Structures are given as structure tokens and as C-alpha cells.
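These notes are about the structure you will find just below.
The values are calculated or read from the model by the stated rules, or taken from the named source; none is laboratory data. Everything quoted here is computed from the prediction, not taken from an experiment. In this analysis, Cβ positions are derived from the backbone assuming ideal geometry, glycine residues included, and neighbour counts consider all displayed protein chains. Each accessible area value is taken on the protein alone, full model and side chains, heavy atoms only, with ligands, DNA and RNA left out. Shrake-Rupley method; radii C 1.70, N 1.55, O 1.52, S 1.80 Å.
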Amino acid sequence: MRAHRALTMTAAAFVAVGLAAPFALASNEPAGGPAGGPGGGPGGGPRNVAVSPYSVHPGSSMEVKAEGCQRGGTVWSPGNFEQANLSGGSPAFATVHIRHNARPGDQNLSVKCHDNSLVATHRFRVLEGRGAQGGLGGSIGPSATETAIGAGLVGVAALGAGIHVVRRRRPVHGRV
């Protein structure tokens, strides 16, 4: 009987964690659909522009990819990162470094191929800045999701302990 109770409480804890997991993995990245600007055939300018990751913190790096720039090109976003050169090929790519003083919020970047005057734009998000996590020994607290999961687990554990104590204190008929 005790093993049954322990198994039930363990299952309840796993269910609580399982229900909280989708919230912990949620992303603010916009849903599918082709990104980028003008399209067309070869020489039609940059198309299918994509960034990875979509949301970045100031001081971090982001990769920009674009099709249609066989001979390379440039990518820029004033106030967010310095102009960078796209590699040649398909897709062309560049790694940009977001400035430490970049303004948080939705931003735009522009892509232009060397062999065409067309410019494509794409959105990305600069997140609020955070302090450096370099050996400060726990000075950065948990996120809201981590706090909610922890509180749920503590609640389930407290409920299980309370039920166990109450059931254990009941006198068993015929025993002293």
C-alpha cells in the first residue's frame, strides 16, 4: 500500500512537470512563412532572408542568410550592428554582432547583393539587456517559468507529505 502511495505521488509530480514543459520551451519567434524581400530568378536580388536566432540580446551574435547573392553582398542595420559582408554562394551568409547599446524591440535589417541594386529587409528582435553571467555565483535569479515549475513541485511535495503524515497517524484497529 505504501508503494502505491509513493508511486501515485511520483506520477503526480511527473504530470506537473510535464504540463509545465511546453511553457518553458515556448518561443516568441513568429510563425512560418517565407521571409525576405523581392524575389525572382537568378539576379533578381536577395530573397528568402532569414536570421538565426530571431531574438538576440545586446552583445550577442546572429547569423543572416539570403538566397540570390551568388557574388556576395552586404547586410546592415543602423544602430544595431555594423555593416557586414555576405559570403558568396547559395545561400549567402554573414555573422553579425549586436551592439551592446542596441535598442530593445523589433528591428529591421537590410540585405543588398553586390550584383543587383535591389534591397530586401527582414525583422529581428533585440531583447532587454542582461548582466554578464561570468562567475558571479548565483547573482542572476531564475526566470518566471523556472519559479513556477519550482513552486508547483514544492506544492506537490508538501501535499504528498501532508497526506502521508495524516494517514500514518490514524490508529489501526487491534494495534496499540
- Query: Ranked by accessible surface with a 1.4 Å probe, highest first, in what order do HIS57, HIS97, HIS122 come?
  - Reply: HIS97, HIS57, HIS122
- Message: Would the range 81-127 count as rounded, prolate or oblate if I go by the C-alpha gyration tensor, calling it rounded below 1.5 in a/c and otherwise prolate when a/b exceeds b/c, oblate otherwise?
- Response: prolate
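Under a Cβ-Cβ cut-off of 14 Å, what is the net charge of the residues other than TRP76 that fall near it, where Lys and Arg count +1 and Asp and Glu count -1? Don't skip to the end; give the middle numbers.
Values: positive: ARG99, LYS112; negative: GLU82.
Around TRP76, the charge tally is +1.
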- Query: With every protein chain in place, what's the accessible area of THR145 (1.4 Å probe, Å², nearest 10)?
  - Reply: 50 Å²
